[in-house]
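Here is the structure we will look at.
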Amino acid sequence: MLKVLRFLRQNPRITVGFALIGCMLLFWLIGNATIGTSKAVPLSGAPDLPPSARYPLGTDSAGRQLLPVLIAGVPLTLEVGFLAGGVGLLIGTVLGFSAGYFGGAIDAVIRTVADVILPIPALAVLVVIASTIHVLLSVEIMALVIASLAWMYPTRTIRAQVLSMRQRAYLDVARFSGEGHVKLIFRELMPNLLPYLAASFVGAVGAGILAGIGLEALGLGPQDKPTLGMTIFWAIYYGATLRGMWWWWGPPIVVLVLVFMSLFMIAQGLDRYANPRSRQAV
């Protein structure tokens, strides 16, 4: 515990980032316990009402109370980011370690596929994939669609990290001692890359949320779920910006800004910890 507190004290960016995440988690816990999400449905109130004592964040044109919508939307949006970023990084880690460690034909195939797919505009491909899915798009399916194009960059960067470590002396010693490939990867390589993987995961979560917001802003998100992106889409669809209904689109944007700020600060702090050069520069 003391080591954790000392680490947070030495890395104020991580502390601020986790504090913002903690505030949003506290908002969701208190809101879910006191207000709930049962009124985040149409006709739960009179439509187009501004914030008041009865409706703290007002209502939208469908009569949904926007405070319960916000309480329900925060965890759904974070779920998209964590699932898409986690799956994409997991695939990239497996492929990156395989290409960097084994080399040869495995490296050539993985590197070629990643280099071919990486320049393709991801949002355009995601739009095509999402628009061809005929079943009702859920949060989980949308996250997996995003993850399907989120593995190329982690694959290249992790491969480069493994290549730089593969010929080091301590790995030769481990090989001579009879350790197999799996033990070498998990006992020798993986621990040295954990800080880098943690920073990459935070960045992947932010990228997953951003990709989800892009799909939802185009109306390709889960239509029956009050995610932050779908809330913004419905606000645009019903002309809330032109009608001066700032309480409809303003709070989701503020929450998204706080989410991206917290993830950025955590990623910056972890990168400073994982990169000795940045520590020396500071």
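Before moving on, here are some points about what is shown:
- The 3J(HN,Hα) values that the Karplus relation (6.51, -1.76, 1.60; θ = phi - 60°) gives for segment 233-248 are, in residue order, 4, 5, 5, 5, 4, 8, x, 5, 5, 6, 8, x, 8, 5, 5, 7 Hz. Gly and Pro appear as x.
- Using alpha-carbon coordinates, inclination of helix 190-217 to the longest axis of the chain, degrees: 30 degrees
- The residues of the chain have, on average, 53 Å² of accessible surface per residue, using a 1.4 Å probe with all protein chains present.
- For segment 75-90, backbone phi angles converted through the Karplus equation (6.51, -1.76, 1.60; θ = phi - 60°) give residue-by-residue couplings of x, 5, 5, 5, 4, 4, x, 5, 6, 5, x, x, 5, x, 5, 4 Hz, Gly and Pro being listed as x.
- 222 nm mean residue ellipticity, helices alone, for the chain (DSSP H n ≥ 4; -39,500 (n - 2.57); rounded to 500): -23500 deg cm²/dmol
- When you restrict to C-alpha pairs under 8 Å that are six or more residues apart and normalise by the size of segment 106-243, the relative contact order lands at 31 percent.
- Mean sequence separation of contacting Cα pairs (under 8 Å, at least six apart), scaled by the length of segment 60-145, corresponds to a relative contact order of 40 percent.
- Principal-axis tilt of helix 122-132 within the chain, Cα atoms, nearest 10 degrees: 60 degrees
- The H on the amide N of Ser44, modeled in the peptide plane, is under 5 Å from the matching H of Arg64, Gln65, each at least 5 residues off or on a different chain.
- Which of Leu242, Pro56, Val259, positive extreme of dipole for the chain (C-beta unit charges): Val259
- Extension gain, Ala46-Ala198: 0.36 nm per intervening residue step, less the Cα-Cα distance, totals 50.2 nm.
- Electrostatic dipole magnitude of segment 23-182 [Cβ: Lys, Arg +1; Asp, Glu -1; Cα centre; debye, to 20]: 180 debye
- Net charge contributed by nearby residues that have their C-beta within less than 14 Å of Leu49 (K/R +1, D/E -1): +2
- What a 1.4 Å probe finds exposed on segment 43-130 is 78% carbon and sulfur by accessible area, rounded to a whole percent.
- For the chain, the normalised intensity computed at q = 0.16 Å⁻¹ comes to -1.23 (log10 of I(q)/I(0), Debye sum over alpha carbons, equal scatterers, no solvent).
- Cα-Cα P(r), segment 129-282, percent of pairs per 10 Å interval: 9, 27, 26, 19, 12, 5, 1, 0
- Between 0 and 90 degrees, the angle of helix 152-166 with respect to the longest Cα principal axis of the chain falls at about 30 degrees.
- Here the relative contact order of the chain, from alpha carbon pairs under 8 Å that lie six or more residues apart, stands at 27 percent.
The values are calculated or read from the model by the stated rules, or taken from the named source; none is laboratory data. Here the structure is a predicted model, which is why all the values come from computation and not from measurement. Neighbour counts run over all protein chains shown; Cβ positions are idealised from the backbone, glycine included. Side chains included, ligands, DNA and RNA excluded: accessible areas come from the protein's heavy atoms. Shrake-Rupley method; radii C 1.70, N 1.55, O 1.52, S 1.80 Å.
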